[in-house]
1. What FRET efficiency comes out for Ile468 versus Met661 if R0 is 35 angstrom and r is the Cβ-Cβ distance? Round to the nearest 0.05.
2. How about Lys117: which lysines have a C-alpha closer than 19 Å to its C-alpha, ignoring those fewer than 8 places off in the same chain?
3. Could you name the aspartates and glutamates in cross-link range of Lys320, using Cα to Cα under 13 Å and dropping any fewer than eight places away on the same chain?
4. I need the Kirkwood Rh of the chain: take the reciprocal of the average 1/r across all distinct C-alpha pairs and report it in angstrom.
5. Whenever you get a sec, compute what percent of the accessible area on the stretch 14-152 sits on carbon and sulfur atoms (1.4 Å probe).
6. Over 27 Å between C-alpha atoms is what I'm after, so list which of Lys179/Lys345; Lys120/Lys475; Lys179/Lys577; Lys577/Lys613; Lys584/Lys628; Lys543/Lys607 land there.
7. Could I have the simple spin-label model distance between Thr30 and Glu622, label points 7 Å from Cα toward Cβ, reported in nm to one decimal?
8. To two decimal places, what compactness ratio does the stretch 235-281 give when its Cα radius of gyration is scaled by 2.2 N^0.38 Å?
Amino acid sequence: MGLTLAEKIIQNHIVAKDSFQKGKPIERGTDIAIRIDQTLTQDATGTMSYLQFETIGIPRVKTEVSVSYIDHNTLQTDFRNMDDHRYLQSIAQKYGIWFSRPGNGICHQVHLEHFGKPGKTLLGSDSHTPTGGGIGMIAIGAGGLDVAVAMGGGAFHLAMPKVFGVKLTGSLNKGVSAKDIILEVLRRETVKGGVGAVYEYFGDGVKNLTVPQRATITNMGAELGATCSVFPSDETTKAFLEAMGRGNDWTEQKADSDAVYDKIIEIDLSKLTAMAACPHSPDAVQPISAVAGKKVDQVVIGSCTNSSLDDLTAVAAIVKGKHIAPNVEAGIAPGSRTTLMMAEKAGVLGDLIAAGFRILESACGPCIGMGFAPNSEGVTLRTFNRNFKGRSGTADASVFLVSPETAAAAAITGVITDPSTFSFTKASDSMLAGKSPDLSKSDIKLFGQDEGMLLKPLSEEESKKIEIIRGPNIKPCPPTPEFAPELELPVLLKAGDNVSTDDIMPAGAKVLPLRSNIPEISKFAFERLDPTFYERASALNPKGCFVVGGENYGQGSSREHAALAPMYLGVRAVIVKSFARIHKANLINYGIIPITFVNPSDYDKIKQGNTIKITNIKEALEKGVNFKITANGSVIEGSNTLDERSAKILLAGGLAAYTRMGGQ
Ligand code: MIC
Ligand code: SF4
């Protein structure tokens, strides 16, 4: 029985365990630990991650490559933002870390271009780190504290995921693109279908997709709740790496021919049509025909999902020689400065400018609510990966997630339009044939090697001279509360299904500058669900409280601020129907107990404001038995889904305390 590619890469990185036999499948759900070759951080999660890293007390990162990117907050409305940049740059210089300067591009895009290596592991403090799977890596998103531990040489712990195979056959029709493939997977699998699983793509159809197109798919695997997604590394991967000036980094990576998947999803690419994820969830997917004709106010092309040269070329192919409709504002944020320069060389940029697109900075920008917010009740078509309510910066806007082709067609017509019905010129036809511009052309190729905005790590000698620069807004991470063997506290908030980390701890231009200051950012915790939460929690502190929720609690971003701020405000346990992976891990790391209802209907037995009691916390964590919760006279069973290490972390009062006590 052969192995899948995901299993092979995982096995090559596993930190040995008695039960593990190389070459044999590892039982799904087993607690495993893997060695991390590369890490990435971005500015919005990076400051907390490095504040934690500093406390580990080692002189230099122990990974092969660690990169600190500035891409999320580049608005610089006051000193705080650039203070963070300065702090991050000095940390990078001190500890042997690459530094990608503001303006150089979105972490995932730049990482793919400059560092991604087939067969390696990457851990990033951003949920879209799995973008690296497009180049054949096991690339996983995690909380900043887990990334700090990995930079210190520590292993990353996870439950051995299931491996779902996605068999692609055929090739895409004109006007249909990689985004539509992942939207189709989301339509079938939903935003929680991938929890505890890796999606591995294989089949004849793979060879018809370029690396950036594959990366669009692995990027948005995050929206499935998956641990990560992975494509094989083949001749196409080799050509991409060569074009980036890194041909030597290529190795072939593929599954055994008799690999066994936990389930197989088949997609015939030639049968796919253009699609849209409708408001307000990435899995609310409909064929474009169902929404065609709807008037559009805004179109934005960019984000780590769809901002490659392929994407810009596809847009140019549609808009060349035309102009955006009078009712539409259109923006485009190339994923990286390299992409921007290649687009200029390939002659694509001029077409976009001439068509009326506003050229935005190569950064996350509108994707995280940093500018370009839509009008009230606006309809905006975005090539991004998330359309949670309010994330765009306009609470009552309708955000549709679409391919670059669909976005471009709407920009021109002013209404949602199926790009396959659009009249293509002969020139645009060839640009849309599913191929990137010829990356081997030497003038384009040159830019793959441009590293002017990417600062190399300093030598050990030079590093010693560096002083860390800390602005006044950078506050240390608050301590976790001490472990309590039982807790009797009020339920301060009862939430529904699919609560995202944007709901728990919003981002956007107002809140993002506070990412280095937990006491300040906590004022916005749960603001979207209940604007009184902060006041009510502060009134109770230090006594504490509980939060109750439905299915897929904590989906979305990896931001550990969604655990840190509630912890700071006294939340001691979160009791829900089910959790999203990264958020559950973040809660554990900060000493908040994650509990799931054994019987989901018990959710109805608890009301907001009830005082409930968890009577056996110590016993549950030490013996692995279920939690006992008394609520309104009845005893509710709370499932204990914690592995041994997580239970020990909670008993220690969080990961930092556990590590200080010598825990691995
Ligand atoms: C996002 O897309 O929500 C973010 C902003 O990139 C986050 C990270 C963050 O909150 O800083 C993510 O996806 O992890
Ligand atoms: Fe940035 Fe958006 Fe990608 Fe998050 S999803 S990394 S905010 S571009």
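1. Working: r = 26 Å, r/R0 = 0.75.
For R0 = 35 Å, the calculated efficiency reads 0.85.
2. Qualifying lysines at Cα under 19 Å: Lys8, Lys62, Lys207, Lys238, Lys254, Lys445, Lys456.
3. Hits, sequence-local ones excluded: Asp351, Glu405, Asp429.
4. On the way: mean 1/r = 0.0401 Å⁻¹.
The answer is 24.9 Å.
5. On the way: 1930 of 3990 Å².
Carbon and sulfur atoms account for 48 percent of the accessible area of the stretch 14-152.
6. Working: Lys179/Lys345 25 Å; Lys120/Lys475 34 Å; Lys179/Lys577 30 Å; Lys577/Lys613 18 Å; Lys584/Lys628 20 Å; Lys543/Lys607 19 Å.
Checking Cα-Cα distances, Lys120/Lys475; Lys179/Lys577 exceed 27 Å.
7. Rounded to a tenth, the inter-label distance reads 2.9 nm.
8. On the way: Rg = 17.2 Å, N = 47, 2.2 N^0.38 = 9.5 Å.
Normalised by 2.2 N^0.38 Å, the Cα Rg of the stretch 235-281 equals 1.81.
The values are calculated or read from the model by the stated rules, or taken from the named source; none is laboratory data. As the structure is a computational prediction, the values presented were derived from the model and not from experiment. In this analysis, Cβ positions are derived from the backbone assuming ideal geometry, glycine residues included, and neighbour counts consider all displayed protein chains. Ligands, DNA and RNA are excluded from the accessible area calculation, which covers all protein heavy atoms including side chains. Shrake-Rupley method; radii C 1.70, N 1.55, O 1.52, S 1.80 Å.
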